[in-house]
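The values are calculated or read from the model by the stated rules, or taken from the named source; none is laboratory data. Given the structure is predicted, the values throughout are model-derived calculations rather than measurements. Here Cβ is always computed from backbone atoms with ideal geometry, including for glycine, and neighbour counts include all displayed protein chains. For the accessible areas, the whole protein counts, side chains as well, though only heavy atoms, and no ligand, DNA or RNA atoms are used. Shrake-Rupley method; radii C 1.70, N 1.55, O 1.52, S 1.80 Å.
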Amino acid sequence: MRPAVMDQRGAALVIVLVLVIVLTLIGMAMVNLTLTESRIAFNQSDAAVATDLAQAGLMRAVSALHSDPTWSGATETLGDGQYVVSVVSSGTTRYVTSVGTKGLAQQTVRAAYKVIPRSAISAIFTNTIANPIGAGTTGLTINNPLPMYDATAVRANDALGSGTAMTLNTAGAVITGGLTASSAISGVVCSAWAWRCETFAAPVSFPRIDADSGSASSLRELAKATTDPVDGKNLYFKAGDAASRCKSGLDSNGYTWNFGLGQTQQCWDKYVSTKSGSLGGGMTNPVFYVEFGSCCGNEATSYTVIGTTAPSYSAQTSNSNGGGGATTLSINAPASAAANTVLIAAITVVGGSAATVTPPSGWNLVNSIDNGSAIKQVIYCRVTTSSETTPYVWTFDTTRKASGGIMRFTGVDTLAPIDVFSGQTTLSGTSHTVPSITTTVANTRLVASLSLATSSNFTAPTGMTERFDVSGGGGTGTTTEGAEQLQSTAGVIAAKTTTSGAAAVGITHILALRPTGATRVDCVGYISATRSFCLRSRAATDTGSTVRYANSDLRTVNGSVVVFTRGTGTVVSGDIVFEDLSVRTADYSHTSTSNPAFLAGGKFELSSSASPAAARTMTITGLVYTFGGADNPNVNGYLQGNSCSGACINLQHGAALVTVNFYGVLMTNGNVIARDTATNTGTITITYSLSAINSLPSPFLSGSTDNILVPVAWSNGN
C-alpha cells in the first residue's frame, strides 16, 4: 500500500506548486495593473498639463499679435513642461500652432485669426469729420456686419477739432453698426443707438501709404516696374515723362505713345481704349499710377485733340539787375497782358547749382538747368487771370547777377499750354545748339530761351525770330535771349544753332505752346477741373461729337488705380472723379486685393444726375483711400490737413437705375459726404468686408500697435 501513498503525496506537491505559480502570476499581474494604472494616471495628468500649456501658448500669441502683427512665435518653459508657438502669415490672416509638452504627453492647438488694425475695422473711417452722412431722401446704406464691439459703421477722428465729428440723417440712411467719434455726433441719440455709440474715443493713427518715394515698394515704382504683357509697356502714366508709358514710343502692337505735357488724361484714355475698357487682365495685383504735371495751370480732365488756331506772339519785356547784381530781378509785365494769355519767362542767374530762385506768385516752373557752378537757367509759365501791369519780381538766395525776359502769347490752350520741352547745357564757345523736340499736335508756337555765362549777345536760332536779347554784369555777368517761331505741322523739330558774341558756357532750351482747340474732350461734370483724373462713364467724345477713343469707358478693373502728384514738401494732389453715372453705358466692376482699389492724393468723387438708358451696377471691392492733400504725419503720428473742396470722399448719387456698391473700407485724411440726392431707384451701399481687405498694404500692419483679432478657425488634437 505504501506506493499508493507516495503517489498521492507527489500529486499534492505538484498541485501546490501549480497554485503557487498561479498565485504568483496573479500577484504579478495585479502589481503590473497597479503600475499601468499609475502610469495612465500620470499620463493623463501630463496630457492635461500639455493641453493647458498649448492653450497658454495660444493666449501668448493672441496677446502678442494685438501689439505686433509681425510676431512669429516663441518657445517658453514652464516648470518641467513647455510650449512652442509658431505663426504663419498670409495677408491679414495669422495661422497659429501651439504645441504643449509635459513628460511624454504632447498636445497641439491650432487657430487662425484675422489681424486687423483698429484703423481698418470701420466701413467709413475719416481722420477729420463725416458730414453729412445721409440726406432727407432714402437710398444710402452703411453696414458693418462684423459681430465685434470695436467694429463700426462710421468712425470720425476729428483730428482738426471741428466740434461736431459726425452728422447723420437717418431719414435717408440705413446704418447698421457702431458710431465712434472724437467729438460730438449729431443726428442720433447715443443712448438709444442699438450698437456702440461713442463720442469721446481717442483718435486712431491714420496709416501713411508710400505713394511716390524712390523705394521699390512704393506705388509709383511698382507701376514703373510692371509691364502690360500684351504690349510690353509699363503702367506709369505721366505725359511728357520719358519714364512713363505716355512717352515710350512704338509698342509691340504698333501703337505710338508720344504724349506731351498736359496730355496725361488723353494718354490714359488711349490706353483704356486699347484694352477695350478692361484693365489688369493677366496681371497679378497691378498698380496703374497716374501723375499729372504741374506746369502752367495744372493738367485737367479736359484736353485738346485738334488745335486749329495757332498761338500768336504778342509782346515782350526784359531786364537785368545791373553790373553788381542784386537779390532780386524785376521784369515788367508785357503790354496788354489781359486775362487768359500765356507768359513764358526765361531767367539766367550766376551761381549754377548753388543758386536758389524763388518765382513771383502764380508762376509755374517748366524747367531748371544748371551748367555746373557757372549759371542757372529757369523757365517759368503763367496763365494770366486778369489784365496785369505790375512788375514781376524773382528773388535769389543771395546777391547774384541775373538777366531775363518775358514773352506774351495769345491763342494758347490755357488748360494745358505746353506740349513738349527740352533743354541742355553747351560747352564754352560761340556756337550753341538748341535741342530737337517732337511736337504732338499741329500749329504750335516754338519758344527758344538762350543763356550765356557772360555779358554779350546772341543771334536768333535757325528759322526763329528774336524777341529780346538782354545782358548785364560784364565778363562775370549773364546774357538771356528769347526767340519764337510758328510750327504748322506736328512731328520732329530738328536741332537749331545760334551764335554768341563772346565765348562762354551756355544753356539752350525750347518748348512748344499748344494751340487753342476747336475740339476738346471733356469729362461730363468736371469740364474745368484741374488735377482731376476722369474715369469715364462713356467713350471720350470731343465737342464736335466725334468719338476719339471708342472703348475708353472702363468696364472691369483688376488692380489699383493711383492718382498722386507731389507739389512742394508735404503738399500733394490728384483727384479721382467718376464721370456722371447717369451717362454710363455699361456696368462697372473693380477689385483690388493687395493695394488700395483707389488711392488719391486729393479726393475721390462720384456724382450723378438724371437716369441712364438702362439699369447699371457699379461695384468696387477693396480699399478706397485719399490723402486729402496732406502727406505729413503730425507729432502724434496722425495725418493732418484737408485741402479738399467739399469733401475728400464725396458720394453724391442722384441717378435712377444706378446701383453703387462699395465692399471694404472708405478711408480718408479729410472729411466724408455720402448721400443719395434724389428720390429714385438709385442706391449707394457701403459694406465692411473682411475678404475685401484680406491683404492690407504693409503700412497698415507694420506701423500698427493696436490690432483687432477676429477668430477664423480653431482645432485641437494630439
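Taken as a whole, the structure leaves PRO311 outside the set of residues that are open to solvent by less than 10 Å² (accessible area, probe 1.4 Å), closer than 26 Å to ASN551 by Cα and in contact (Cβ under 8 Å) with a residue 24 or more places away in the chain.
Does the range 446-457 contain at least one residue that is hydroxyl-bearing (Ser, Thr, Tyr) and modelled with pLDDT under 95? No: the range 446-457 contains no residue that is hydroxyl-bearing (Ser, Thr, Tyr) and modelled with pLDDT under 95. Residues of the range 522-564 that are open to solvent by 10 Å² or more (accessible area, probe 1.4 Å), part of a loop (DSSP other than H, G, I, E, B) and either in contact with a Gly (Cβ under 8 Å, 6 or more places away or on another chain) or within 28 Å of THR591 (Cβ to Cβ) (or both): VAL524, GLY525, TYR526, ALA529, ARG531, ARG538, ALA539, ALA550, ASN551, ARG555. Between VAL109, VAL88, the distinction of being touching a residue at least 12 places away in the same chain (Cβ under 8 Å) and in a strand (DSSP E or B) belongs to VAL109 only. Counting only residues that are closer than 16 Å to SER186 by Cα, part of a strand (DSSP E or B) and open to solvent by less than 10 Å² (accessible area, probe 1.4 Å), the range 127-158 holds 5 of them.
What number of residues in the range 601-624 are closer than 17 Å to SER218 by Cβ and modelled with pLDDT of 95 or more? Qualifying residue count for the region: 1. With respect to the conditions (1) at pLDDT 90 or above; (2) open to solvent by 40 Å² or more (accessible area, probe 1.4 Å), VAL665 falls short on a single one, namely (2).
Residues in the range 49-85 that are β-branched (Val, Ile, Thr) and assigned to a helix (DSSP H, G or I) were compared, and the one that is most open to solvent (accessible area, probe 1.4 Å) is VAL49. Within the range 241-266, the residues that satisfy the criterion of being surrounded by 24 or more Cβ atoms within 10 Å (Cβ to Cβ) and not aliphatic (A, V, I, L, M) are SER244, ARG245, CYS246, PHE259, GLY260, GLY262, GLN263, THR264, GLN265, GLN266. Just a yes or no: is a residue in the range 188-206 in contact (Cβ under 8 Å) with a residue 24 or more places away in the chain, closer than 23 Å to CYS648 by Cβ and in a strand (DSSP E or B)? Scanning the range 188-206, I find no residue that is in contact (Cβ under 8 Å) with a residue 24 or more places away in the chain, closer than 23 Å to CYS648 by Cβ and in a strand (DSSP E or B), so the answer is no. Considering only residues in the range 471-487 that are open to solvent by 10 Å² or more (accessible area, probe 1.4 Å) and part of a strand (DSSP E or B), the one that is farthest from THR308 (Cα to Cα) turns out to be GLY472. The set of residues in the range 501-521 that are polar (S, T, N, Q) and either crowded, with 24+ Cβ neighbours inside 10 Å or in contact with a Lys or Arg (Cβ under 8 Å, 6 or more places away or on another chain) (or both) contains only THR508. Pairs meeting the criteria (first residue in the range 225-241 and touching a residue at least 40 places away in the same chain (Cβ under 8 Å) and within 17 Å of ASN558 (Cα to Cα), second residue open to solvent by 10 Å² or more (accessible area, probe 1.4 Å) and part of a loop (DSSP other than H, G, I, E, B), beta carbons under 6 Å, at least 6 apart or on different chains) are PRO229/GLY282; LEU235/THR226.
Only one of the numbered conditions (1) open to solvent by 40 Å² or more (accessible area, probe 1.4 Å); (2) outside any strand (DSSP E or B); (3) hydrophobic (A, V, I, L, M, F, W, C) is violated by VAL174, and that is (2).
The single condition from (1) among the β-branched types (Val, Ile, Thr); (2) over 21 Å from VAL378 (Cβ atoms); (3) buried (at least 21 other Cβ atoms within 10 Å of the Cβ); (4) in contact with a Gly (Cβ under 9 Å, 6 or more places away or on another chain) that ILE493 fails is (4). The criterion of at least 1 residues that are modelled with pLDDT of 95 or more and open to solvent by less than 50 Å² (accessible area, probe 1.4 Å) is met by the following strands (runs of 3 or more DSSP E) wholly inside the range 397-440: 402-410, 418-434.
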